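Step one of this worksheet: look at the structure below.
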Amino acid sequence: MSRRRYISSDISFDSRVNRLAVQAGDFAVMLYTWMIPHADDDGSLPSDSEEILYRVIPGRRDKSSEDVQQALNAMRELGLIEIDETAKRLYFPPESFYRYQTYIPEVKRRKAPEPQANSEKRRRSARISADQRETTNNAASPSPSPSPSEDLKDYSSAPVEPDADQPRQHAVSYQPEHLALAEQLRDRILQNKPDAKTPQDLSAWANTMRLIVTRDGRKPQRIAEVIDWCQQDEFWRVNILSADKLRKQFDRLEMQMSTQRARASPLPRDRPLSAAAIYGSLDDEVERISQLKGW
């Protein structure tokens with residue numbers, strides 16, 4: 001069991017999580033989010049409701065294992081969890097669990113089941129390949145057999161096209177701190193314009209933040225400062241609406257931010273003037289003027 005998992009603010013906009021709150025109540029949503037830090041690296045937990053009660057919410061004396069079971073049933077109906085009755089384990093779907101738990105090694109991850117359409121396609125290709133080999137072996141003529149038609153080509157080794165609903169995977173995985181910066185930019189944009197078009201999947205933005213850190217040599221803390229400043233600036237907040245624009249204009253943003261802060265800062269003094277020094281200087285000046293005027 002891990003004591004740390006990452007939960008994105010995207011969960012607030014998840015339609016299934018919101019439907020869970022409507023259909024099963026706020027307790028079911030709380031239980032769902034609290035189960036995430038208790039999940040193993042394969043995204044699983046024991047499916048026994050009583051064990052979940054004692055492990056995940058031991059302080060909720062007002063809840064029973066029956067309450068937990070009702071919440072689990074609602075989660076399962078909405079596709080938020082999967083339950084293996086044989087292994088007595090419940091699983092978070094891999095595509096949603098590993099979207100944010102990017103630090104878990106591949107060898108420890110649970111693989112998503114292959115879509116039925118792809119499985120059938122592979123089985124059909126395997127049968128066609130077997131028929132081709134049998135036809136070739138039984139051919140009487142030693143001459144080379146003609147090339148198979150388009151319908152008989154072997155697709156068993158062809159790459160399977162990714163599901164359009166799955167988030168794009170980048171060659172180099174970003175880190176949680178990069179995702180946090182992407183979320184910060186998204187949140188600041190939405191504060192300025194609640195209906196602004198921002199991506200639900202922040203993988204591309206997080207990867208751009210990774211490039212700003214690793215390739216451009218910027219510190220995450222400095223990036224966060226520039227994000228906050230540009231989204232408060234009257235000009236830049238309408239021009240920086242994506243991570244790519246932030247990276248492109250980063251040097252200019254950083255220079256303008258530093259210039260503005262320098263102008264707003266008071267001039268430094270060597271040491272503060274005391275009241276005696278201030279009033280003493282005034283008395284000397286009055287006496288000097290009196291002597292000049294002959295008072």
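No lab work stands behind these numbers, since they all come straight from the coordinates. This structure is a prediction, so every number in the text was calculated from the model and none was measured. Because the Cβ atoms are built from the backbone with ideal geometry, glycine has one as well, and the counts that use them run over all protein chains shown.
Observations on the structure shown:
- Residue check for Ser9: in contact with a Lys or Arg (Cβ under 7 Å, 6 or more places away or on another chain) and closer than 29 Å to Pro105 by Cα: no
- Residue in segment 12-20 that is in a loop (DSSP other than H, G, I, E, B), within 29 Å of Glu183 (Cβ to Cβ) and touching a Lys or Arg at 6+ places or on another chain (Cβ under 6 Å) present: no
- Count of segment 211-223 residues, restricted to those that are without any contact (Cβ under 8 Å) to a residue 40 or more places away in the chain and not in a loop (DSSP other than H, G, I, E, B), is 6.
- Test: Thr214 is closer than 27 Å to Phe97 by Cα, exposed (fewer than 15 other Cβ atoms within 10 Å of the Cβ) and over 12 Å from the mean Cα position of the chain (by Cα): yes
- Pairs are defined by a Cβ separation below 6 Å, a sequence spacing of at least 6 or placement on different chains, a first member in segment 224-242 that is surrounded by 17 or more Cβ atoms within 10 Å (Cβ to Cβ), and a second member that is part of a loop (DSSP other than H, G, I, E, B); the pairs so defined are Cys230/Ile240; Arg237/Gln231.
- Test: residue in segment 52-70 that is in contact with a Ser or Thr (Cβ under 7 Å, 6 or more places away or on another chain), farther than 26 Å from Ser15 by Cβ and either touching a residue at least 24 places away in the same chain (Cβ under 8 Å) or hydrophobic (A, V, I, L, M, F, W, C) (or both): yes
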